[in-house]
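Have a look at the structure below before the remarks.
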Amino acid sequence: MANVALRNVHKTYPGGVEAIKGIDFEVGDGQFCVLVGPSGCGKSTLLRMVAGLETITGGDIDIGGRIVNQIEPADRDIAMVFQNYALYPHMSVYNNMAYGLRNRGMPKPEIDTRVQEAARILEIGALLDRKPRQLSGGQRQRVAMGRAIVRQPKVFLFDEPLSNLDAKLRIAMRVEIRKLQRRLKTTSIYVTHDQLEAMTLADILVVMNGGRVEQIGNPLEIYQKPATTFVASFIGAPPMNLMPLRDAGGFKAAGGDGILGIRPEDILLLNEAPAGGLALNLTVEAIERVGAETYIYGVRSQQGDAPTVSAKPGELPPGEVIVRVPGAIAPAIGERIRATAPREKLHLFSADGRQRIDL
Amino acid sequence: MVEHRPLNDIIAYAILTLGVFIVAFPVYLALIASTHDAATVISGNMPLLPGSHTLENYYRAVFVGGSRTSREPVGHMLFNSFVSALGIAMGKIFISILSAYAVVYFRFPFRKAAFWIIFVTLMLPVEVRIYPTYKVVSDLHMLDTYAGLILPLVASATGTLLFRQFFMTVPDELLEASRIDGAGPFRFFKDTLLPLSMTTIAALFVIQFIYGWNQYLWPLLITTQDSMQTIVTGIKKMLTTTDELAEWQLAMATAVLAMVPPVAVVVFMQRLFVRGLVETEK
């Protein structure tokens, strides 16, 4: 049980490429922290730095009050679950889990107790004699988790552990990982590019981009109040609609231009915009009906029928807007619809997208 | 898919059968010759069916040696060959797996250079470096010793390359998982890399055992005592007689015996051997 703190952490590769450009955050004891970001944003590198598989070229990583920069992975008291599971192919499931304990010189009976206990928790007791190649993807995943659990480490590190599973299993394992972590109360850091996994698992969500942290916080808070346009479009599916405003005038002086954001589900198909809200005329280009809801891909009309925003927020250039409505609604392709959004559901960002402006 | 026509099949089989016949017939002749007495073999009319002197010929070849030229019995030569082939095969595997491990997994100064130097030795087979090698071996007083037969042939670029290629296919995550599991470089090698390399080791063993067994020039140069010669050089010496008839039936029996161990190694290790060369999925 420990908290993990990163202080001004940097990583520069020998070639001069700066992968991590100064990261600070802290994961409290027993919390589940998710690092999320597009591929190449440095989230895996950061996790591997916590694990000790990558050197730290600047700043400190602190696990349980001890700076671990120079400490070998085995001595950091962490356990890691890899994306491809990295099970030892020639060892049985039992030995895969026991290997790390044996290397530590733990007495046999205790190893056995721990492995049996982990196997019971993960329901892989019947598989202990099998080799990894005789297991399905989900089972391998469980063994990889088992190998982490038996160590009883201070911190679990997960490197996209579910991305090799099929969609259905992924959801099941996601729930299971969350339950397991709640039960063991072990501090965890989890890397994923899947924003749904990130939202559902995290106590603390760290959104990364280009080697920097874009936003840290409670997942719902991040969803409701994204700090930048990057976060706004990365968290939430379908992504937030972002429209440049040539003159943000109507929406409080932001010093000229800005970017207006509306989540697809916040758009209502009404004729009259609510006071202070936004109204758009859309031509339906495509719809996707997924059952419970319908996604409408509309294009804002270009001329003649100029977009109207009741609170005069300046001009909106043409572009695509995604609207999420209940599944029963299904406008025809080419139909013109009027989309509105109340003022309190609008997000405004500075023109470079780096800053949120409160409306 | 190639079109199937009976005529094509017949032609293909005929050519293949002819090929097999051409390769196998001399071997068959050796086998036949080893079952007749000296007079029959020498007469010039080589029979195509086995004769009645099989046991006698093989007994003499293995335990007694030739009567007219006082040569070592084949039993001892087989032993010499076996020791040196085994020594060469195992030595090569030992050295090349360690050097490949170093080249692939460790970052040290001049790593690339080290690899290229190993690679370049492919261009220097024993025959090319035979004089300096002989000089070194003789200065070290290793003439007529097993060490002299084995050591100069132990370094192997082929083996290093084969292991290197294999190690590169082992996922990095295994090394990382080992590090987290507290396994140092030696443990990782012993517990993970070595068991995974078993098929590659088997393949290399087959190749190098036969390579060692078939060595001719080197043993011929450095062994002067009959008690140290290998079977491959021994056959030749059996036929070198000054004023008497060569005992062809014994030479043929020796040749047949010389073929047995490599064939046995291939037959028994074939399954592993093939897997080692074709297996890519780990």
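For the reader, a short list of remarks on this structure follows.
- Rounded to the nearest 100, the interface formed by chains B and A buries 1700 square angstrom of accessible surface, both chains summed, with a 1.4 Å probe.
- Mean residue ellipticity, 222 nm, helices only, the protein assembly as shown: the sum of -39500 (n - 2.57) across DSSP H runs of n ≥ 4, divided by residue count and rounded to 500, is -13000 deg cm²/dmol.
- For the pair A:R343 and A:E26, label points projected 7 Å from Cα toward Cβ lie 3.9 nm apart.
- 14 Å reach of a label modelled at B:I210, 7 Å along Cα-to-Cβ, counting backbone N of segment B:244-272: B:259-272
- The calculated FRET efficiency for A:Q70 paired with A:A167, based on their beta-carbon distance and R0 = 41 Å, is about 0.50.
- Computed over segment A:135-249, Cα set: Rg, Dmax in Å: 16.7, 61
- Shielding by other protein chains, B:179-191, mean Cβ within 10 Å: 5
- In chain A, the longest principal axis of the Cα atoms and the axis of helix A:108-122 are about 30 degrees apart.
- Interatomic Cα distance distribution for chain B, bins of 10 angstrom, percent: 6, 21, 25, 22, 16, 8, 2, 0
- DSSP beta bridge pairing in segment A:4-224, given as percent antiparallel to the nearest 5: 50 percent
- For segment B:199-239, backbone nitrogen atoms closer than 15 Å to the point 7 Å from B:S138 Cα along Cα-to-C-beta are found at B:218-225.
- Charge tally for B:T54 (other residues, Cβ to Cβ under 13 Å; Lys, Arg +1; Asp, Glu -1): -1.
- Taking each of A:K108/B:K112; A:K131/A:K185; B:K92/B:K236; A:K43/A:K168; A:K11/A:K168 in turn, the alpha-carbon distance tops 32 angstrom for A:K108/B:K112; A:K11/A:K168.
- Net charge of the neighbourhood of A:G217, taken over other residues with C-beta under 11 Å away and scored Lys/Arg +1, Asp/Glu -1, is -2.
- When each of the peptides B:254-265, B:9-20, A:109-120, A:281-292 is scored by how many other beta carbons lie within 10 Å of its residues on average, the order from highest to lowest is B:254-265, A:109-120, A:281-292, B:9-20.
- Its alpha carbons give chain A an Rg and a Dmax of 24.4, 81 Å.
- Ligands, DNA and RNA left out, the accessible area of the protein assembly as shown computed with a 1.4 Å probe is 60% carbon and sulfur.
- Value of relative contact order over chain B, rounded to a whole percent, pairs C-alpha under 8 Å and six or more apart: 30 percent
- With R₀ set to 60 Å, the beta-carbon distance separating B:L217 from A:R130 gives a calculated FRET efficiency near 0.70.
- Site pair A:Y13 and B:M46 shows an inter-label distance of 6.5 nm when each label is modelled 7 Å from Cα along Cα→Cβ.
- For GluC sites (Glu not before Pro), no site in segment A:166-235 is both called loop by DSSP and has at most 15 other Cβ atoms within 10 Å.
- Residues in segment A:48-75 that a label on A:Q152 would reach, taking backbone N under 20 Å of a point 7 Å out along Cα→Cβ: A:64-65, A:74-75
- In this structure chain B gives 56 Å² per residue of accessible area when probed at 1.4 Å with all protein chains present.
- A straight Cα-to-Cα reach below 17 Å connects A:K345 with the lysines A:K225, A:K252, A:K312, residues fewer than 8 places away in its own chain not being considered.
- In this rough spin-label picture, where each label sits 7 Å from Cα along the Cβ direction, the A:I329-B:V64 distance is 10.8 nm.
- Evaluated at q = 0.06, 0.09, 0.11 Å⁻¹, the base-10 log of the normalised Debye intensity for the protein assembly as shown, with identical point scatterers placed on the Cα atoms, takes the values -0.58, -0.92, -1.11.
- Solvent-accessible area per residue, Å², over chain A with all protein chains present [probe radius 1.4 Å]: 43 Å²
- Average beta carbon contacts from partner chains per residue of A:86-93, 10 Å cutoff: 5
- The GluC sites (Glu not before Pro) found in segment B:161-256 that occupy coil by DSSP, while having at most 14 further C-beta atoms within 10 Å, are B:E244.
- Take each peptide in A:58-68, B:211-221, B:87-97, count the other Cβ atoms within 10 Å of every residue, and average; sorted highest first, the result is B:87-97, B:211-221, A:58-68.
- Within segment A:3-53, the proportion of Cα pairs with more than 15 Å between them is 50 percent.
- Shielding of B:164-175 by partner chains, average beta-carbon count, 10 Å: 2
- What the phi angles of segment B:34-40 give under the Karplus curve with 6.51, -1.76 and 1.60, with θ = phi - 60°, is a coupling list of 6, 10, 10, 7, 3, 4, 4 Hz, glycine and proline written as x.
- For chain A: relative contact order, % (alpha-carbon pairs under 8 angstrom, 6 or more apart): 16 percent
The values are calculated or read from the model by the stated rules, or taken from the named source; none is laboratory data. Note that this is a predicted model, so its numbers are computed, not measured. Using ideal geometry, Cβ is built from the backbone for each residue, glycine included, and neighbour counts are taken over all protein chains shown. For the accessible areas, the whole protein counts, side chains as well, though only heavy atoms, and no ligand, DNA or RNA atoms are used. Shrake-Rupley method; radii C 1.70, N 1.55, O 1.52, S 1.80 Å.
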